[in-house]
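This report concerns only the one structure given below.
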Amino acid sequence: MEMPKIFESEYRFCLILWEHEPVRSSELVALCRERLGWKPTTTYTVIKRLSERGVLKNENSTVTSLVKKEEAQAAEIDELVEHRFEGSLPAFFAAFTKRRSLSAEEIDEVQAMIDRCRRGEKP
């Protein structure tokens, strides 16, 4: 099954959902007003839209995600690498490290991921 597209404002909403789920829709309205400055109608519209696309479910006014945060992030990275770097992970990584230096801990973590991949393990 293909990952449903989550747009930027929807992603900010999802961050709140992932932090608080399961959550009553009325509480989500209050949280979105506080954190995003949204009106109640905006929140309910986003809940409806994301529900229709299979990102979340709203049953008995309780909202839960159907897509995990890690899945949404991975899909976004896949799309970015595919469309901006012709599918080349090394090109993406080169561009990323050109603008941002990595700490020794981050380098060790990336190396450990590479080592796991070479052994055929999941990262």
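Details
- As for the stretch 17-39, it holds at least one residue that is assigned to a helix (DSSP H, G or I) and either aromatic (Phe, Trp, Tyr) or not assigned by TED's automatic domain parsing to the domain that holds Arg53 (or both).
- Residue in the stretch 40-50 that is among the aromatic types (Phe, Trp, Tyr), free of Cβ contacts under 8 Å to residues at least 40 places away in the same chain, surrounded by 12 or more Cβ atoms within 10 Å (Cβ to Cβ) and part of a loop (DSSP other than H, G, I, E, B) present: no
- Residue within the stretch 21-33 that is in contact (Cβ under 8 Å) with a residue 40 or more places away in the chain and surrounded by 14 or more Cβ atoms within 10 Å (Cβ to Cβ) present: yes
- Of the listed requirements (1) surrounded by 13 or more Cβ atoms within 10 Å (Cβ to Cβ); (2) out of contact with any Phe, Trp or Tyr (no Cβ under 6 Å at 6 or more places or on another chain); (3) without any contact (Cβ under 8 Å) to a residue 60 or more places away in the chain, Arg99 misses just one: (1).
- Residue in the stretch 73-80 that is within 26 Å of Tyr11 (Cα to Cα), in the same structural domain as His20 (by TED's automatic domain parsing), of a type outside the set (A, V, I, L, M, F, W, C) and surrounded by 13 or more Cβ atoms within 10 Å (Cβ to Cβ) present: no
- The requirement of being part of a helix (DSSP H, G or I), at pLDDT 95 or above and surrounded by 15 or more Cβ atoms within 10 Å (Cβ to Cβ) is fulfilled nowhere in the stretch 52-70; no residue meets it.
- Residue check, Glu106 in a helix (DSSP H, G or I), without any contact (Cβ under 8 Å) to a residue 12 or more places away in the chain and of a type in the set (D, E, K, R): yes
The values are calculated or read from the model by the stated rules, or taken from the named source; none is laboratory data. Note that the coordinates shown come from a computational prediction; the quantities given were computed from them, not determined experimentally. Every residue, glycine among them, receives a Cβ derived from its backbone with ideal geometry; neighbour counts consider all protein chains shown.
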